[in-house]
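Reviewing the structure listed below.
The values are calculated or read from the model by the stated rules, or taken from the named source; none is laboratory data. What you see is a predicted model, and the numbers here were worked out from it, not measured in a lab. What goes into the accessible areas is simple: the full protein's heavy atoms, side chains included, and nothing from ligands, DNA or RNA. Shrake-Rupley method; radii C 1.70, N 1.55, O 1.52, S 1.80 Å.
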Amino acid sequence: MTLVHHDVLIIGSGAAGLTAALALAETKRVLVLAKGDLRSGSTAWAQGGIAAVLDAGDTFENHIRDTMVAGAGLNRRETVEFVIENAPRAIERLIELGVPFNRAEGSGSGDLHLTREGGHSHRRIVHVADATGWAVQAALLKAAEENPNITLLPGRACIDLITGRHGERFSGDGRVWGAYALDETRGKVEKHVARATVLASGGAGRVYQFSTAPRGATGDGIAMAWRAGARVSNMEMMQFHPTCLYNLEVKNFLITEAVRGEGGHLLHPETGHRFMVDYDAQRMELAPRDVVARAIDDQIKRYGLDYVHLDISHQPDEFVRAHFPTICEKLLGLGIDMTRQPIPVVPAQHYTCGGVLIGLDARTDLPGLWAAGECSESGLHGANRLASNSLLECFVFGEAAAKDILDRWDTLDTPPPIREWDESRVTDSDEEVVIKQNWTEIRRFMWNYVGIVRTTKRLERAAHRIALLRREVNDYYSAFRVTTDLIELRNLIESADLIVRSALARKESRGLHYTLDHPGTLAEARDTVLVP
Ligand code: FAD
Ligand code: SIN
């Protein structure tokens, strides 16, 4: 089915996609597609906040240094400077859109309250209590819904990018002209054609059994861009958040790093020992995430624990309730009063540092395709993302993509005729169980073999399984009508493959990639760039 042509297609309705949409809609007609609900990405789930230099005692240089220390030197300095210097302006725009950031006590409507998180040498995180993402998502969506130049279409799962090979006359070039998407309600595939396409489809966290990311974080955009011919980089740099709630019913509830920023301690659950002293005596609980996550992983493995404790009960009750209202309420519902008791926590996958390679203008390798946010690799995060730098990246690169598209608009051709999606050789599946089984299998071996601590042997085992599953899923994909589950499974395998290949290619331990076979860090920091 062909829909009305828009000038620009945006895949994703999170912070990156909607920021780009709002900037483009001043002069262009923009279509935003989202899988499931418009709030289903990670943006709405963000707790801690957004990092920006806003305090008189802080400097851009401090924030740049903290970002590069966390990133273990793999960051591209010009990207880090670009993002950090644009951060205060991004916060101003969010305030204009109505995001009700917390104000410092006693400052009336004056100064913003700045909290602190691991790896930051200063307080510089603006937040809306412990539900920052929800407020940001709501403000961006409201502005987009009110804009007559923006059409929002939820319930659309993009399957593949449309390139020159999908033209009615085969050109075979890699120019991107939009995407084919499954209408999840009608079960029909639509083609959405545009002069420019922006990928803002989030990360690939759900490739792991335990992840704080939402259900739809299956690496779709990364896989689509890779299949279309774009380079992908640093996919081995998967970030594990140190403190995800340990609960057999609720598997992916994050306990924000701001709990440690506001004084929370990590304790051995039986002895009460504050164990970070044994791993990073200076920075303790506020060491970068990779350091803290590895320390917890080590405690769990060394002592055969199910979890460790995160304890902030020594702070006044009112302070805890005021800073963490959402977490307090959620935990009370599970029988844990965090004002009096420690919280059981474990590390879980949290953020995809790697992704589709982009420049400062958010352009990918493919003409007609831009990318922003968690699906991209801009050079900001390097080998480990500094806390609260990712929403920031979405705002800065969402804006950069829009600016570059507008700047070069006159050079962007109108799309050629594009073929409809061909369903003539497929039937409805009669074995959905295959999809469920493969989903579970991938997520489990990725957790066990490609987790916080890696070895070459385990990575090779994972690679072997990926090859087997890929064959099975490709057969399935070519025989049956697509569903969202099948689209996601195909992309999970692609993402898993990119992660494992990148991990095998890195012969050192750096940031989030830690392997027992190469524990040292090489003198020169190099990106892992995979070329299709
Ligand atoms: P998302 O917000 O994830 O949006 C992705 C969009 O793409 C969605 O609309 C989705 O429906 C759509 N999509 C995906 N696949 C398809 C497809 N095939 N077809 C069509 N649409 C598709 N970062 C911070 O800076 N500060 C924090 O405090 C913070 N807290 C976090 C807490 C949690 C629990 C999590 C999981 C992450 C947190 N992060 C935080 C990270 C941050 O939230 C994300 O990196 C950021 O929101 C990503 O935004 P995005 O716009 O790139 O993608
Ligand atoms: C958190 O609140 O701990 C998450 C912050 C982030 O991922 O940047």
> Taking only the alpha-carbon positions of the chain and ignoring solvent, what does the Debye formula give for the base-10 log of I(q)/I(0) at q = 0.05, 0.11 Å⁻¹?
Replying inline: -0.18, -0.93
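Of the accessible area of segment 133-232, with the probe set at 1.4 angstrom, what percent is carbon plus sulfur?
Values: 1560 of 3230 Å².
C and S fraction of accessible area: 48 percent.
Relative contact order (percent) for segment 1-131, with alpha-carbon contacts under 8 angstrom and 6 or more residues of separation? Working shown, then result.
Details: 157 pairs, mean separation 30.7, N = 131.
Relative contact order comes out at 23 percent.
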>> If you count only protein heavy atoms and use a 1.4 Å probe, how large is the accessible surface of Ile435, to the nearest 10 Å²?
In response: 10
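Using the structure shown, list the pairs from Lys251/Lys507; Lys142/Lys251; Lys188/Lys251; Lys251/Lys330; Lys301/Lys457 with a Cα-Cα distance above 23 Å, or answer none.
Numbers: Lys251/Lys507 33 Å; Lys142/Lys251 30 Å; Lys188/Lys251 33 Å; Lys251/Lys330 13 Å; Lys301/Lys457 19 Å.
The answer is Lys251/Lys507; Lys142/Lys251; Lys188/Lys251.
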> On the first, second and third principal axes, largest extent first, how far apart are the outermost C-alpha atoms of segment 224-324 in Å?
Replying inline: 54, 34, 33
> To the nearest 10 degrees, how steep is helix 484-505 against the longest Cα principal axis of the chain, on a 0 to 90 scale?
Replying inline: 60
> What span do the alpha-carbon atoms of segment 209-252 cover on each of the three principal axes, reported in whole Å from largest to smallest?
Replying inline: 41, 19, 11
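Once you have the alpha carbon radius of gyration of segment 69-124, what is it after dividing by 2.2 N^0.38 Å, with N set to its residue count? Intermediate results must be reported in sequence, preceding the final value.
On the way: Rg = 14.1 Å, N = 56, 2.2 N^0.38 = 10.2 Å.
Dividing the Cα Rg of segment 69-124 by 2.2 N^0.38 Å gives 1.39.
Percent of Cα-Cα pairs more than 23 Å apart in segment 363-461, please.
Details: 3018 of 4851 pairs.
It works out to 62 percent of all Cα pairs.
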>> What is the angle, in °, between the Cα long axis of helix 390-407 and the longest principal axis of the Cα atoms in the chain? Nearest 10 is fine, range 0 to 90.
In response: 30
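Counting only protein heavy atoms, what percent of the accessible surface of segment 254-399 is carbon or sulfur at a 1.4 Å probe? Display every interim value, and only then the final one.
Numbers: 2340 of 4790 Å².
After summing per-atom areas, the C and S share lands at 49 percent.
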>> Please compute the per residue accessible area over segment 2-45 with all protein chains in place, 1.4 Å probe, rounded to a whole number of Å².
In response: 33
> In Å, what is the Rg of the alpha-carbon atoms in segment 25-67, and how long is Dmax?
Replying inline: 17.1, 43
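Rank Trp439, Trp370 by accessible area, highest first, at a 1.4 Å probe radius?
Details: Trp439 25, Trp370 5 Å².
Sorted descending by solvent-accessible area, the residues read Trp439, Trp370.
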> What are the semi-axes of the equivalent ellipsoid for segment 284-348, taken as the square roots of 5 times the Cα gyration tensor eigenvalues, largest first, in whole Å?
Replying inline: 24, 14, 10
>> When a/c reaches 1.5 or more, the comparison of a/b and b/c decides; with that in mind, is segment 41-91 rounded, prolate or oblate per its Cα gyration tensor?
In response: oblate
> In deg cm²/dmol and to the nearest 500, what is the mean residue ellipticity at 222 nm of the chain if only DSSP H runs of at least 4 residues count, each as -39500 (n - 2.57), divided by the residue total?
Replying inline: -11000 deg cm²/dmol
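Roll a 1.4 Å probe over the protein chains and send me the accessible area per residue for segment 81-229 in Å². Write out the running numbers ahead of the final one.
Numbers: 5450 Å² over 149 residues.
Result: 37 Å² of accessible area for each residue.
For segment 4-73, which whole-number percentage of the solvent-accessible area (1.4 Å probe, protein heavy atoms only) is attributable to carbon and sulfur atoms?
On the way: 1300 of 2320 Å².
Percent of accessible area from carbon and sulfur atoms in segment 4-73: 56.
I'd like to know how segment 360-404 sits against the 2.2 N^0.38 Å rule of thumb: what's its Cα Rg over that expected value? Please list the in-between numbers first.
Numbers: Rg = 10.4 Å, N = 45, 2.2 N^0.38 = 9.3 Å.
Compactness ratio reported: 1.12.
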> Over the Cα atoms of segment 386-532, how large are the radius of gyration and the largest Cα-Cα distance (Dmax), in Å?
Replying inline: 20.2, 55
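For segment 115-224, report the translational diffusion coefficient in µm²/s to the nearest whole number, using Stokes-Einstein at 25 °C, 0.890 mPa s, and a Kirkwood Rh over Cα pairs.
Working: Rh = 17.3 Å.
Value of D from the Cα-based Kirkwood radius: 142 µm²/s.
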>> Whole-Hz ³J(HN,Hα) for each residue in segment 515-532, computed from phi via Karplus 6.51 cos²θ - 1.76 cosθ + 1.60 with θ = phi - 60°, x for glycine and proline: what do you get?
In response: 10, 5, 7, 9, x, x, 10, 5, 5, 9, 8, 10, 5, 9, 10, 9, 10, x
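Could you sort Met237, Met284 by their accessible area in this structure, using a 1.4 Å probe and putting the largest first? Could you put the intermediate results ahead of the total?
Details: Met237 0, Met284 30 Å².
Sorted by accessible area, descending: Met284, Met237.
For segment 255-300, what class follows from the C-alpha gyration tensor (a ≥ b ≥ c being the square roots of its eigenvalues): rounded when a/c is under 1.5, otherwise prolate if a/b is larger than b/c, else oblate?
Details: a/c = 1.43, a/b = 1.21, b/c = 1.19.
It is rounded, given that a/c, with a ≥ b ≥ c, falls under 1.5.
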> Can you give the accessible area of Lys301, probe radius 1.4 Å, in Å² rounded to 10?
Replying inline: 140
> Hey, if you drop one equal point scatterer on each alpha-carbon of segment 17-134 and run the Debye formula without solvent, what base-10 log of I(q)/I(0) do you get at q = 0.11, 0.16 Å⁻¹?
Replying inline: -0.45, -0.91
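Using the heavy atoms of the protein chains and a 1.4 angstrom probe, tell me the accessible area per residue for segment 348-453 in square angstrom. Spell out each step's value before the answer.
On the way: 3960 Å² over 106 residues.
With the other protein chains kept in place, segment 348-453 gives 37 Å² per residue.
Starting from the eigenvalues of the Cα gyration tensor, five times each then square-rooted, give me the equivalent ellipsoid semi-axes of segment 174-239, largest first, whole Å. Intermediate values should be presented prior to the final figure.
Values: eigenvalues 113, 64, 14 Å².
Ellipsoid half-lengths, sorted descending, are 24, 18, 8 Å.
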>> How big is segment 56-201 along each principal axis, measuring the range of its Cα positions in Å and listing the largest first?
In response: 63, 38, 23
